[in-house]
1. If each residue's Cβ is checked for other Cβ atoms within 10 Å, how do C:H58, C:H4 rank with the fewest at the top?
2. So how many Lys-Lys pairs in chain B land under 23 Å Cα to Cα, not counting same-chain pairs under 8 apart?
3. Over segment B:13-132, what relative contact order in percent results from Cα pairs under 8 Å that are six or more residues apart?
4. Over all directions, how big on average is the projection of the convex hull of the alpha-carbon atoms in segment D:44-129, in square nanometres?
5. Suppose every K and R has +1 on its Cβ and every D and E has -1 on its Cβ; what is the size of the dipole of the protein assembly as shown about the Cα centre, in Debye to the nearest 20?
6. When C:F56, A:F225 are ordered from fewest to most other Cβ atoms inside 10 Å of their Cβ, what list results?
7. Determine, for A:H179, D:H101, the number of other Cβ atoms within 10 Å of each Cβ, and report the residues in order from fewest to most.
8. Which three extents, in whole angstrom, do the alpha-carbon atoms of segment A:27-527 cover along their principal axes, largest first?
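Every read-out reported here was derived from the displayed coordinates using simple, explicitly stated rules and does not represent laboratory data. Not measured: the values here are computed from a predicted model. Reconstructed Cβ throughout: ideal geometry from the backbone, glycine too, with neighbour counts over all protein chains shown.
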Amino acid sequence: MMATETENYLTAGYGLKSWLLTKDHKRIALLYLFTITLFFFIGGAFATLIRIELLTPQGDLVSSDTYNRLFTMHGITMIFFFLIPSIPATLGNFLIPMMIGARDLAFPRINLLSWYLLVVGGLFALFAMLAGGVDTGWTFYTPYSTTYSNSWVIATALGIFVAGFSSILTGLNFIVTIHRMRAPGMTWFRMPLFVWAHYATSVIQVLGTPVLAVTLILVLCERVFHIGIFDPALGGDPVLFQHLFWFYSHPAVYIMILPAMGVISELISTFSRKAIFGYHFVAGSSMAIAVFGFLVWGHHLFVSTQSVYAGMVFSFLSYAVAIPSAIKVFNWTATLYKGSISFETPMLYAFGFIGLFTIGGLTGLFVASLGIDVHVTDTYFVVAHFHYIMVGGAIMAFLGGLHFWWPKITGRMYPEGWAKLSAAVVFVGFNLTFFPQFILGYLGMPRRYHVYPPEFQVLHVMSTMGASVLAVGYLMPMIYLVWSYKYGPLAGDNPYHATGLEWRTSSPPPLHNFDELPVVTYGAYDYTTVPEEVTSVG
Amino acid sequence: MKIPLFPDAASNFAPDVDHLYFYLVAVSVFFTVLIFAAIFILAIKYRRRQGNDGIPRDIHPPILVEIVWSVIPFGLAMVMFGWGADIFFRESRPPQNALPIYVVGKQWMWKLEHMEGQREINELHIPVGRPIRLTMTSEDVIHSFYVPAFRTKQDVVPGRYSTTWFTPTQTGKFHLFCAEYCGTKHSGMIGWIYVLSPEDYQNWLSGGNRTGTLAERGEKLFNDLACSNCHKPDNSGRCPTLVNVFGSSVKLTDGQVVKADEAYIRESILRPDAKVVFGYQPLMPTFQGQVTEEDVLELVEYVKSLTPKPPAPAPGVAQASNR
Amino acid sequence: MTNHIDSVKTYAIVWISLLALTGLTTAVAFVDLGPFSVVVALSIAVVKMMLVALFFMHLRHSGKLTQLAMAGTILWLGFMVSFTLADVFTRGWLGVPGR
Amino acid sequence: MWIFLITEIMFFGGMFLAYIVYRALYPGTFAVTSSSLNVYIGAANTAVLLCSSFTMVLAVRSAQLGRQTALAVNIVLTLLLGLVFLGVKAFEWSEKFAEHHVPGTHFHFEGIANQGPAQLFFSLYFAMTGLHALHMVVGAGLMTWLLIWSLRGKFSAEYMTPVDIAGLYWHFVDIIWIFLFPLLYLIDRHLK
């Protein structure tokens, strides 16, 4: 069955080579999609085992060593091989050139190289997992990671190092593309907020990732050559490692959440048929987050023997960075006012995102507060908080965006009924899984515990129940999206009456995106400019 | 089955932290309800109706609105910051009369030592109503000393001392956790804090086996390691006397002046030429690798005992809280 | 990237100054200037960096954007160093070990 | 290319930060160990590298003007100077081996009880100069490649982007050394 009569990027070649050596950003995006989905299910499998183990207070399913490897590999897989590349490398890769009216990214070969680097890095990490795993926690704190751990630290760190370069190159590519390749008339403030968010993300990737790279190099040197760099026995400073590590790893959270915010801005606008309330504020807040996000890393070190005064400065700045996020939430909500709101699946995901991100963001205020953080840091409170941001936020947006652009990517609609159900299941399952963990955390349940005191069991059982619901919620889209790729109804070019340039070309798009390059004469989200011959859905 | 929802509050800090927590919960609930309700109401009210497919007019936000919803949350957040920082600052400064206890973390146990010489593993007995000051270090990796009921947590870092303090306000038995991941049996590095009434604490102190107070053991080490050959009480040796050193300001060869605290003494034992006292040669050999962290703690305590404390309470004698 | 061509003379002058500065910084290193020896050594290094960047790397002919990006990066590095040092140098202010 | 250089700056920046923190923590030890490096070799090597930057910029200029021979000659000179730098560096490292100044089990630094921080200095010394040298090796590779291409007459006044980019890279590596030299060799030498 041919998707459309005319040739598009999917039908431009079928051989393996036409995919593995492609320079088309759309195909590379699909390669990424395939890769990160694989890693998502690997990471998900680890999470499942962790949740099953925690059903009982005793350590009865797996040994402590195995448990430690499970949570470490869950974190590493999900963060470095799923979340960081998730939205930028798939949706961003697919859409940024189309949204700004370009035929491809600025450096198509480097784009392909980035994907290969991610795969190579992933293979290192997979090798480490199969060979016996790594047990340092995703944070690699010294001196445990350099001296005491007997696991595959070197292979894993190398994998992350290589994947880091994938991330740097993607960021570099996006920055140059957004600067140089915009279509005539596509001024900075006519760009969709999705592009703004990715621009901010790319800046973080380029500035932050090298610091992680050099930190890992130092750890590797220390582990391989037994020279001391962070070794306290030689007078080294383990807290210095934490500074270097979090200088990247805190902004990394923004690498995950900023693109998600970009997706949500698109969804809210499209399904309200209204420009985003306060476009400039939302765009500016992305940049503000990218800048201030770099200045708050020390809030991970409040109890680490960091100086009290440094702690206060970092706490203050952490509150400052909360404001741009609050501005976004308020503006999204205000966009609904006097809109024309329809409830297709992507919009449901967007509502879910705002809800979960609000809770995640507000609990961030708890952990930014010095007095409370002393109590809740390294407990399940923190675990719940960052899952609300990274899973509740980033993955909800990723799924919402995937549904939204699915007809553009494949030319076909997903089954609306199933999709709505999955959005609801994910939302319920997520809250059931992670809300009890806030309570657990304030009660004092430390994170990374294999065995725990029996009084915490009830809440853990609730969390595990929620996790099984959540797992079903994640499997559903996987199945019906694959199904719809072949059997879904044809979508038409612009099923949602959306404004972006990507909707003004055919679905799936032709090999070079546009038959003729567009000239832009209007701002993003001007719904009066959308051609009338839309196929209405729902 | 009973589901616990709130932890015990058993230290002077617990009510402070809890009050701040309630404030944050109130703010959070308010905004969560606000956002959820707004989305729900707006989404229903402005839903796309059949046959009304028109394009709504764009609304340009009044700048005032943006300012209001930036400034109000900022104000609320600053209250959180100031309040939290205040608690933290108090948590950082132990009172002078606090009862000192020494803690060494190692994979995977807590070793605790009292001034009077009692040693405990994974258990700590302390009197109610007295400030307790913990001086902590680790023999291997980073650990973290966490007592949820006291709302207190402090990382225990190899190669340096860290400090925390609290005043228990309730007798009872409370969890002690290691909160910083430290390897295989991280979740087994747990213990109990027993908060006793002053009388019970006295009884507990007089029972059990003891091999001299911490300072006495330190003095024995001091002689065994031949430190006493050079560091003479009357300052006649080749090295400075250690009498009255603790707590004083020491001038170094490079003209710097440092305060002689626990960390300074520890460093001088393990890395003697890092800070050489003005007018002396860097003769002292390093004791790195020859003494354990516990030995160092005993030596530190001995050096401290050479500085008479003016009004300090005799160790171990129950004295009512100063608060 | 740039069409602007500097003369050999300009480059030679820059080159000679760089060599002279290297000699100067080495010589000054043997003189005790107290805390200022660090300042002097690093200031000379910064001057040399500016010479190389502006002339050899043609930064003075580059677009505003490139210049801004470079300045921003240096600023960022400054944030990283200064915030970390802010921790290192204020440790022990309270006189409580580990705080 | 400039964005790539941003990445490189942050990369080395992390290492500079580690060095600065340790120097702040152990000023005395670092003054002694730093003074054990041979400042004359260091200064000479700095000069060599600066000369190579000069020939590099002449190479770029020749390319801009389309002078093929001058381009090739200057690339050769740059390459040679780069190799001299690496040779001297290798000589310095071998000296460290002979003196047991290489971190690890055989590390020993005479006349200092603080072996730990002394070793830290040399760990960082090797990490920083090693990574710098690695960048030099990459640079030398780039020069070789440029040379082959220029001999084949691929470059002209119109097409010289690779020369320009390689030049930026070479100068950047030079700048890193401009900072490494005073930090590692010079600061606190007078204290000795």
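1. Arranged by neighbour count, lowest to highest, C:H58, C:H4 become C:H4, C:H58.
2. 28
3. Reported as a whole number, the value is 19 percent.
4. 6.6
5. 1760
6. A:F225, C:F56
7. A:H179, D:H101
8. 65, 45, 43
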